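Accompanying notes for the structure given below.
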Amino acid sequence: MQRALSTHLFVQHHLTTALLDKILDAGIPLVEIFCARQHFDYTNKAHISELWHWFRDSDLKLHSIHAPIYNDEVWGRSGPHSVINICETVKPKRIQAVDEIKRAIELAEKVPFRYVIQHLGVAEEEFDMRKVDAAFSSLEELNLFAKARGVEVLLENTPNDLASSERLLFFFEATHMNLNVCFDTGHAHMKEGVEAAYRELKPRIRSTHVHDNDGRDDQHLFPLIGGGTIDWGHAMDALRLHGDRYPLLLELREVPNMTDPLSKVREVFERLEHTTAHRKEQ
């Protein structure tokens, strides 16, 4: 499995080419950009042009982007109006959310990438068929927009009542949408469990978000060294079954006072790559 890293680890910092250089120097060939405006302002033409020139000449490849979840520059702290939710049942709000995500996808017109990772609903979203219908309308539009730019929309399993692995399968059956999935280990751990969720979603998995937690909160901890409770031996055995289809993409949260997070990222990759259910790690 190829190593990949989400810039979610640095989401509270401006995305610079110097940071991308450090990711490449850490031996990571693929990156996912997390589209949060305080980190990467996808409406800023100057920033996009800078990234275009850098990626054009770099060995680091842009694998994917994570669709924005807020439309402000303060991580949603400006209020509920900043939340981007494609399941919104109030049509003007849903259209506004779709338009914001389109602005992020437009990056592909300058810097090619393969996937956009999309949530269904927000944290603790409750199940409602009206929300399923709203998501269907949103995704029909986003899918066409993304395909025209060489991008595939992947739905991410999330720990709410709309997008657990079981609910994603229901969504695909109810809407007949032929979409694939970004498999999130931390979110699966909070719902069905990593192995059970993997078995359900396996044919559709095209990318991953690998991180840990305590089974209750979405903490995005460093696997094996961050204090989470995922059984990484069994989790890695499952992920390796079709490891030629997707990268091992770490989506981590910044740890206060961690002086060199990329060295810890390298350590996590090395330990995960040697971890199995029969031999926890070497």
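Bear in mind these aren't lab numbers, they're just calculated from the coordinates by the rules spelled out. None of these values were measured; they are calculated from a predicted model. No Cβ is skipped: glycine too gets one built from the backbone with ideal geometry, and neighbour counts run over all protein chains shown.
For this structure, a couple of remarks:
- Phi-based couplings in Hz for region 200-212 (Karplus 6.51, -1.76, 1.60; Gly and Pro marked x): 5, 9, 2, x, 9, 6, 10, 8, 9, 10, 10, 6, 10
- Gaussian network model of the chain, springs between alpha carbon atoms under 10 Å - residue of Asp231, Asp21, Asp212 with greatest fluctuation: Asp21
- The H on the amide N of Val153, modeled in the peptide plane, is under 5 Å from the matching H of Val116, each at least 5 residues off or on a different chain.
- 3J(HN,Hα) from dihedral phi, region 125-134, Karplus parametrisation 6.51/-1.76/1.60, rounded to Hz, x for glycine, proline: 4, 8, 6, 7, 4, 5, 6, 4, 4, 5
- Relative to the current alpha-carbon distance between Ala46 and Thr276, full extension at 0.36 nm per residue lengthens the span by 78.3 nm.
- Label positions at Glu195 and Lys93, each projected 7 Å from the Cα along the C-beta direction, are separated by 4.1 nm.
- Amide hydrogen proximity for Cys35: with H placed 1.01 Å from N in the peptide plane, the residues at 5 or more positions away or on another chain lying under 5 Å are His66.
- Taken about its Cα centre, the chain carries a charge dipole of roughly 560 debye when the Cβ of each Lys and Arg holds +1 and the Cβ of each Asp and Glu holds -1.
- Per-residue [θ]222 nm for the chain (sum of -39500 (n - 2.57) over DSSP H runs n ≥ 4, rounded to 500): -11000 deg cm²/dmol
- When each of Ser263, Ser82 is scored by the number of other beta-carbon atoms lying within 10 Å, the sequence from fewest to most is Ser263, Ser82.
- Violating pairs (Cα-Cα greater than 25 angstrom) within the set Lys91/Lys202; Lys147/Lys202; Lys45/Lys102; Lys61/Lys131: Lys91/Lys202; Lys61/Lys131
- ³J(HN,Hα), Karplus 6.51/-1.76/1.60, whole Hz, each residue of region 96-113, x for Gly, Pro: 4, 5, 4, 4, 5, 5, 4, 4, 5, 4, 4, 3, 5, 5, 10, 10, x, 8
- DSSP beta bridges confined to the chain are antiparallel in about 5 percent of cases.
- Using the Cβ of Ser82 as centre and a radius below 11 Å, the other residues enclosed give a net charge of -1, where K and R count +1 and D and E count -1.
- Net charge, His66 excluded, C-beta distance under 9 Å - Lys, Arg +1, Asp, Glu -1: -3
- Rg to Rh quotient for the chain, alpha carbon positions, Kirkwood Rh: 0.94
- FRET efficiency, Asp231 to Val122 (Cβ-Cβ, R0 30 Å, nearest 0.05): 0.60
- Nonlocal amide H pairs with Asp184, under 5 Å, H built at 1.01 Å: Asn157, His209
- Stretch in the chain that is longest and holds no GluC sites (Glu not before Pro) that DSSP places in a loop and that have at most 11 other beta carbons within 10 Å: 127-282
- In units of the rule-of-thumb radius 2.2 N^0.38 Å, region 90-160 shows an alpha carbon radius of gyration of 1.13.
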